[in-house]
1. If you take the square roots of the eigenvalues of the alpha-carbon gyration tensor of region 144-199 and sort them as a ≥ b ≥ c, do you get rounded (a/c under 1.5), prolate (a/b over b/c) or oblate?
2. Could you work out the local net charge near Ala172, counting Lys and Arg as +1, Asp and Glu as -1, over the other residues with Cβ closer than 13 Å to its Cβ?
3. Given 0.36 nm per residue, what is the gain on full extension from Glu270 to Arg306 after removing their alpha carbon distance, in nm?
4. Give the peptides 276-285, 83-92 in descending order of average Cβ contacts within 10 Å, highest first.
5. Give the separation of the Cα centroids, region 269-321 to region 157-187, in Å.
6. I need the shape label for region 217-282. Rule: rounded when a/c is under 1.5, else prolate if a/b > b/c, else oblate, with a, b, c from the alpha carbon gyration tensor.
Amino acid sequence: MRARHRRRPIAALTGLAVAAGLGLAGATAAPATARTAAETARTAATAPAAARTATGTARAATATGTARAVRAAEAAGASAGADPVGPPQGNFLSAFLYSATRPTVLPTGANDWSCKPGPAHPRPVVLVHGTFENRYANWAALSPKLKDAGYCVFALNYGGSAGPVLGTGDIAESAGQLAAFVERVRSATGVDKVDIVGHSQGGMLPRHYIKNLGGAAKVGRLVALVPSNHGTSLLGLGLLARLVPGADAVLGAACPACEQQIVGSRFLKELNAGGETVPAVDYTVIATWYDEVVTPYTSAFLAPARNVSNETIQGHCLINTTAHINITYDRTATRLVLNALDPAHAQRPTC
């Protein structure tokens, strides 16, 4: 427990150290939501060939591990008007800082609109980031791993107007953005259903899409990492804002999603009323004992059901002290995600 408390001041000091740089980033960032809306409106048939070339170059970067290939992908994307592709990262803070001046950057392996799912992984995977985060900050490690495992991977930005701090808008409206994005993925890949992997709000938000926006017929699995299924406290959201550089200012200005994730909010009461799941979708929740944002950590869990699996990282690795924000970069959590997406080929998680 002492290790858990030491992480909080370290994270806060790190946030202060980069605040000035992020201020400059916010001043120069292009609106991420507008980019996502434009991306959703395009069809796969009209996607620029140069954008597909950029994505192919990014995959080469993953294979060779060279910074030169990553820079080539970014240059190709910029010349085609496509989103740049960033390199894999080892932790959330590094990925977030990289996205600070590139708010529309894609994680390696994501949004290859020419990708066609194969028989081994017939459903594409849609990645949904959390509050105060963005698609690159959350998925810079998991996206390339999923791509290397043979999945078609797609990631969206949602719930914000500018800069790298997103996921703050009205959750119902954000779920509508997810619904539109899933339609584009289904059209491009020719599939009936997708699987969704989400972090924090991004693990809870798809439940609104599934329950209220027709997603039950279009989603096979929902894998949620530390989701806010039953809300959190003001203290938890305040701590999250301190852990993400620049999020304090957003929280103080406007964050409808923050109010909607408070324990007992009207949004959560309506979402959980009449049953927390639907029979047609398989749900996996991955929590951690050391979650300092969604507290208690068991509030992430869904009500027991035949199609629900509630797990903790420590159930597989007792010494693992991963907390809320870095769980998408954790090796044990990554294995649990892969197992949930493909239970027929599950492997024992390691520490």
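Bear in mind these aren't lab numbers, they're just calculated from the coordinates by the rules spelled out. In this text the structure is predicted, and so the values were computed from the model without any measurement. When we count neighbours, we look across all protein chains shown, and the Cβ atoms used for this are built from the backbone with ideal geometry, even at glycine.
1. oblate
2. Working: positive: Arg207, Lys211, Arg266; negative: Asp170, Glu173, Glu259, Glu270.
Net local charge, Ala172 excluded: -1.
3. On the way: separation 36, 0.36 × 36 = 12.96 nm, distance 2.23 nm.
Here the segment from Glu270 to Arg306 would lengthen by 10.7 nm.
4. Values: 276-285: 19.4, 83-92: 21.2.
Ranking the peptides 276-285, 83-92 by packing returns 83-92, 276-285.
5. When both Cα centres are located, 23 Å separates them.
6. On the way: a/c = 2.69, a/b = 1.87, b/c = 1.44.
Since a/c reaches 1.5 and a/b is larger than b/c, the shape of region 217-282 is classed as prolate.
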